[in-house]
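Structure record follows, encoded as C-alpha cells.
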Amino acid sequence: MSLAIAEELATFSADLAGTDIPEEVRDSARWHLLDTLGACVAGAMPGDVCGASLGELANRWQGGSSSVLGTGTRTRPEAAALINGAFAQVLELDDKHGPSLARPGSSVVPAVLSVGEALDISVDEALSAIVVGYEVMIRLGGVAGSGFLRRGFHTSALLGAFGAAAAAGRVRGANSATIADAIGIAGTFAAGIQESTRTGSTSKVLHGGWAAHAGCVAAELAECGITGPASVMEGSYGLYHSHLAPDDDDLDWPAATAELGVRWYTPETAFKPYPCCQVLHSFIEASKEIRTALAADGAGVSEVEEVVCLVKEPGLTLVTKPMPEKQAPTHPHEARFSLPFVVASALLHGDIGVASFSEAALCDRDIIKLAARVSAGEDPDSDYPLHCPARMEVKAAGRTYRSEVLYHPGCPEAPLSPEAVRRKFVDNVDWLLGPAAPSVADRIIAGEQKTVRELMACFALNP
C-alpha cells in the first residue's frame, strides 16, 4: 500500500541524513539563512509602522527562550517564530521560489531558529531542517502552480505551515509518524488570503510569521499526541480539493514527492534584491535599461508620455488593481505591490530601495505624475509563475523605447552573486550592528557559530 503524500514527506523529513544533503544544497541553505536573518532584522528597523506594531507585540509577549530579532526581547518559540517571520515580510525582502510561489525563508527559517534556539541545537542540524522545510514547502507549491493565487490565497502563507511543521518536527527529533501528524495538523492551521495584499492592509506581513507559528505549534501538538489526517493533501476534503475544487488533471501530484532526496529545489529559490513584490523586479531592470537609453538619446524622464507594461495573470491583478489606488498609493505596503508606482520611481531615480517607499516618496509629485501615465495589459508570452518577466514600452521625446527582461533578478537564470547577497545582509542589519555587520556576515558564511544560540547572540542589541 502506497504512502500518503504527508507520510512520504514526513519520512523524508525525519530520515534524511545530514550527510545525504549535497554540499551545494547545504551551502544554499546557509546563504538563505543569512538572507532571512537580514530580512528579519530589517523588518524590525525603527521607523516602520508594521515593525513598530510587531515590536510592541514582542514586548507584550516577552518571557521565554527564543529571541525576537532586533528587539532585545525573548518569548516562547512559537511566538518568536510568528514575529520574526512577520518581520521578514515587512519590507518584502524575504526569498521566493518562483514556480511554486513559495516564500520559504519567512516561514521555515523563523520556525527552525525559534525552536532550535530553545533546544540549543547545532547550526548544522538547523541547516538540515531548513533544507527539509524548503523542499517540503516548494514541492507542495509545485502541485498547484498558480492555482492558489488565482483562487485568492497567498500561496506561500497557505503552504508555509506545512514546510514549517516538517522543519520544526525535524528540529525536535520527531519520528516520521509524528511529523506526518504535524503536517496533518498544519492543514487545520494553514491560512492566508490575498485580500490583504490587494487592499494594502498591513495584515499581509503576518503571513510568513503565521505559517512559522502554525508549524511550530503543529509539531509540538503532534509530539504531545494530537493526530492529523495522513490524507491532508490528496483527500476529498484535503488541502487541494477543499481550497481549489479542481479536477485531478489540474494538479501535478507527482511534484510533491518525485525524486525526494535526489532532486533539490532549495538552490533554485531566488534572493530578492528589491524590497517589493517579485513580479515587479524585472520591471525595475527594464526601467533602468530604458532610463539609460533615454539618457543616451539626450532625452529626460520628464519627457515620458506613456508607459505600457505587460504582465500575466494572476500577477497582473496583483500589481495593478485597483489602478487608481496603485497609481497613488498612500501606504508603503500598498506601494510595494504597485506596478505604476515602482516603475515611475525606478525611471525617475534609477533604482529601488527601502527609501523608495518612505512617506516622502509616497508624496513625491513627480512619481505620482509619472505613475498616472503607466498602464498595463495581459502578457500572452509570459511563463509566469516559472519566471516574472517584464515587457515594457515607453513613449518619450518622439521615440518609442522597448525593454524585455525575461528572467527576474535572483532566479537561477539571473542569480545574485554571493557578494550581492552578503551586501544585502550588511545593509539590512547596519541599523542594529553598525560597523560589526560585515564581520557578522563573514562569520555566519564561514560557519563560525556552532549552535543556534551562538548564532542568535550575534544579533543582541549590544553585540
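The values are calculated or read from the model by the stated rules, or taken from the named source; none is laboratory data. Since the model is a prediction, treat every value here as computed from it, not as a measurement. In this analysis, Cβ positions are derived from the backbone assuming ideal geometry, glycine residues included, and neighbour counts consider all displayed protein chains.
If you scan the range 246-294, which residues turn out to be part of a loop (DSSP other than H, G, I, E, B) and among the polar types (S, T, N, Q)?
Thr257, Thr269
If the condition is being touching an Asp or Glu at 6+ places or on another chain (Cβ under 7 Å) and surrounded by fewer than 24 Cβ atoms within 10 Å (Cβ to Cβ), then the range 60-96 contributes only Ser65. Look through the range 389-445, keep the residues that are within 17 Å of Leu280 (Cβ to Cβ) and among the acidic types (Asp, Glu), and return whichever of them is surrounded by the most Cβ atoms within 10 Å (Cβ to Cβ). Selected residue: Glu393.
The condition of being in contact (Cβ under 8 Å) with a residue 40 or more places away in the chain, surrounded by 24 or more Cβ atoms within 10 Å (Cβ to Cβ) and not hydrophobic (A, V, I, L, M, F, W, C) holds for only one of Gly160, Gly142, Gly152, Gly147, that being Gly160. Take Gly208 and decide whether it is part of a loop (DSSP other than H, G, I, E, B), of a type in the set (Gly, Ala, Ser) and at pLDDT 95 or above. Taking the combined requirement at face value, the residue does not satisfy it. Residues of the range 74-95 that are in contact with a Phe, Trp or Tyr (Cβ under 8 Å, 6 or more places away or on another chain) and in a strand (DSSP E or B): Thr75 alone. The residue pairs whose first member lies in the range 364-382 and is of a type in the set (Val, Ile, Thr), whose second member is in a loop (DSSP other than H, G, I, E, B) and surrounded by 15 or more Cβ atoms within 10 Å (Cβ to Cβ), and whose beta carbons are closer than 7 Å, counting only pairs six or more residues apart or on different chains, are Ile368/Ala328. Apart from one condition, Phe337 fits all of (1) touching a Gly at 6+ places or on another chain (Cβ under 9 Å); (2) of a type in the set (A, V, I, L, M, F, W, C); (3) more than 30 Å from Leu33 (Cα to Cα); the exception is (3).
Of the residues making up the range 248-273, just one is modelled with pLDDT under 95 and buried (at least 20 other Cβ atoms within 10 Å of the Cβ), namely Leu251. In the set (1) at pLDDT below 95; (2) small (Gly, Ala, Ser); (3) surrounded by fewer than 21 Cβ atoms within 10 Å (Cβ to Cβ); (4) closer than 15 Å to Gly141 by Cα, the condition left unmet by Ala245 is number (4). On the stretch given as the range 56-70, residues that are out of contact with any helix residue (DSSP H, G or I) (no Cβ under 6 Å at 6 or more places or on another chain) and closer than 19 Å to Val452 by Cα total 2.
A quick yes/no check of all residues on (1) within 13 Å of Leu37 (Cα to Cα); (2) assigned to a helix (DSSP H, G or I); (3) in contact (Cβ under 8 Å) with a residue 40 or more places away in the chain; (4) charged (D, E, K, R):
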residue: Cys411; (1), (2), (3), (4): no, no, yes, no
residue: Val421; (1), (2), (3), (4): yes, yes, yes, no
residue: Asn428; (1), (2), (3), (4): yes, yes, yes, no
residue: Gly434; (1), (2), (3), (4): no, yes, no, no
residue: Pro438; (1), (2), (3), (4): no, yes, no, no
residue: Arg443; (1), (2), (3), (4): no, yes, no, yes
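Which one of the conditions (1) in contact with a strand residue (DSSP E or B) (Cβ under 8 Å, 6 or more places away or on another chain); (2) closer than 22 Å to Asn428 by Cα does Ala111 fail to meet, given that it meets all the rest? If we test Ala111 against (1) in contact with a strand residue (DSSP E or B) (Cβ under 8 Å, 6 or more places away or on another chain); (2) closer than 22 Å to Asn428 by Cα, just (1) comes out false. Looking at Ala167, Ala212, just one residue is of a type in the set (Gly, Ala, Ser) and in contact with a Leu (Cβ under 9 Å, 6 or more places away or on another chain), and that residue is Ala212.
Before we move on, is Leu119 in the same structural domain as Gly64 (by TED's automatic domain parsing) and surrounded by 24 or more Cβ atoms within 10 Å (Cβ to Cβ)? It is false that Leu119 is in the same structural domain as Gly64 (by TED's automatic domain parsing) and surrounded by 24 or more Cβ atoms within 10 Å (Cβ to Cβ). Pull out all pairs, ordered by first then second residue, where Cβ-Cβ is under 6 Å, the residues are six or more apart or on different chains, the first lies in the range 215-236 and is free of Cβ contacts under 8 Å to residues at least 60 places away in the same chain and at positive phi, and the second is assigned to a loop (DSSP other than H, G, I, E, B) and of a type in the set (A, V, I, L, M, F, W, C). Hits for this filter: zero, empty list.
Regarding Glu268, is this residue touching a Pro at 6+ places or on another chain (Cβ under 6 Å), charged (D, E, K, R) and within 28 Å of Ala88 (Cβ to Cβ)? So Glu268 fits the description; yes. Summed over the range 147-190, residues that are farther than 15 Å from His243 by Cβ and not charged (D, E, K, R) total 20. In the range 217-237 there is no residue matching the filter, namely being outside the structural domain of Phe148 (by TED's automatic domain parsing), in contact with a Ser or Thr (Cβ under 6 Å, 6 or more places away or on another chain) and buried (at least 19 other Cβ atoms within 10 Å of the Cβ).
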